[in-house]
Amino acid sequence: MIVCTVDRRQRLEFTPRESVFFHLRSGCLRAVLFALMWWILTDGAMDSWLVGTPVILFATVVSVVLLPPSSWSFLGVVQFVPFFLWRSLYGGVDVARRALHPRLPISPGLFDHRWRLPPGLPRVFMANIVSLLPGTLSAELGANCLQVHVLDERKNFLSELEKVEQRVAAMFDISLPPSRGGE
Amino acid sequence: MQTLYFTLALFLLLNLVAGMWRVLRGPTAADRMLAAQLFGTTSVAVLLLLAQATDKAALRDVALVFALLAAVTAIAFVRRAWSDRETKRDAE
Amino acid sequence: MPSDLLSTVLLIAGGIFFLAGTLGLLRFPDVYTRLHALTKADNVGLGLVVAGLALQAESLATAGKLLLIWLLVLLAGASVAHLVAATARQRGIKLWKQ
């Protein structure tokens, strides 16, 4: 597990051997995930593994080719899960409260969040997460910013979104440029 | 527990019917798209409850397929079925 | 049985969230706010129903399948919400303002 402590900047400049090792490592991990999924889908039937093993191997090869492995941090993922579960539950409670309230307390608006995450998977992931968090809905995934529709524009969404961005960055093992503050 | 499963499944079905009112009424094409979202979650919940209540594990697989299909149909819907004629009307 | 009681509470709570989602769908003034209600409330509702059913599941694989279904719906719901909102913006559907 020494690999996990390697400095990220070093890991970005792969020498070919490191790259092969990196692909192999994430391939193994994906194979384990696919095996787990197969076990779930077949309700743990033993005789299904005859078909399952080649399917899992094939799926692993295809997934590594189509979606090349990116850096991620185990600790970041572990910390993200409870954060997300708690915030999305709160999101549901918040919107349910507004929908059930006799006077319907909403004042919608739009909010631009300037990206600090790099383009690609991290941004798409965050755009999806934002729609499930309290009071926010990602409306447009722009090149420079994420346009968010908010249910209550009186609230401060800047710090909230920056917190989410920080968490997502930690998951993908990315260090963000410093925040530009209130923009 | 059996009674609870059936009652809740029926309740969710009624929810679905109530939601359909919005879907049918619109007023914009986007509102009709919400049908995909509504069906995606509610029908999956109903199927899972029925799977547990009637002890039919296969219904869980149906729910799984529904969950997969909900995403695909919705995306196809938004990309293809949203015609320009409706757009002009919506923007007014 | 304590797990039965917990399941009952989770299932009923899930039903309440579904109801809130539908009410939001009917009461909220424009497509964006309706998306908020539907996406968030229904996903939490399904999550609670799944949690309640997982406690009653006869095997670990079944509980895993329930979790897998929830994650799938979560992913689909979030993507569809974004897609509908983005397309509505592009097509010029106006925001409701107070």
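Each value in this text was obtained by applying a stated rule to the coordinates, not by laboratory testing. Everything quoted here is computed from the prediction, not taken from an experiment. Cβ: placed from backbone, ideal geometry, glycine included. Neighbour counts: every protein chain shown.
Brief remarks on what is shown
- Extension gain for C:Leu67-C:Leu5 works out to 20.3 nm (0.36 nm per residue, less the C-alpha to C-alpha distance).
- Peptide C:44-57, shielding by other chains (average Cβ, 10 Å cutoff): 5
- Other protein chain Cβ atoms within 10 Å, averaged over every residue that makes up A:144-157: 2
- Computed over region A:74-171, Kirkwood Rh from alpha-carbon pairs, angstrom: 13.9 Å
- Here region B:1-66 and region C:6-71 have alpha carbon centers that stand 10 Å from each other.
- Highest average first, the peptides C:78-87, A:114-123, A:53-62 ordered by how many other beta carbon atoms sit within 10 Å of their residues are C:78-87, A:114-123, A:53-62.
- Helix-derived mean residue ellipticity, 222 nm - over chain A, DSSP H n ≥ 4, -39500 (n - 2.57), to 500: -19000 deg cm²/dmol
- Cα long-axis angle, helix B:29-54 against chain B (0 to 90 degrees, to the nearest 10): 10 degrees
- Nearest-ten-degree value, helix A:157-171 long axis tilted from longest Cα axis of chain A: 10 degrees
- Rounded to the nearest 10 degrees, the angle from helix A:16-41 to the longest Cα principal axis of chain A is 80 degrees.
- Order of A:Arg103, C:Arg91, A:Arg97 under a 10 Å beta carbon neighbour criterion, fewest first: A:Arg103, A:Arg97, C:Arg91
- Each Cα pair of region A:25-121 feeds into the Kirkwood radius, which the Stokes-Einstein equation turns, at 4 °C and 1.567 mPa s, into a diffusion coefficient of 72 µm²/s.
- Inter-chain Cβ neighbour average for residues B:27-35, partner chain, 10 Å: 6
- Cα shape, region C:1-44, gyration tensor, a/c 1.5 rule: prolate
- Cut-off 19 Å, label 7 Å out along Cα→Cβ of A:Tyr90, residues of region A:135-165 by amide N: A:135-138, A:149-165
- Cα-based values for the protein assembly as shown, radius of gyration first and Dmax second, are 21.5, 64 Å.
- Label-point separation, A:Leu67 to A:Val32 (7 Å along Cα→Cβ), nm: 1.7 nm
- Label-to-label distance for A:Phe83 and A:Leu100 is 2.9 nm, based on points extended 7 Å past Cα in the beta-carbon direction.
- Panel order for A:Asp112, A:Asp173, by other beta carbons found within 10 Å of each beta carbon, from fewest to most: A:Asp112, A:Asp173.
- Two-decimal Rg/Rh across region B:2-91, once Rg and the Kirkwood Rh are taken from alpha-carbon atoms: 1.09
- Cα-based equivalent ellipsoid of chain A: semi-axis lengths in Å, sorted from largest, via gyration tensor: 36, 24, 13
- Charges were assigned to the Cβ only: +1 to each Lys and Arg, -1 to each Asp and Glu. The resulting dipole of region A:74-171 about its Cα centre is roughly 180 debye.
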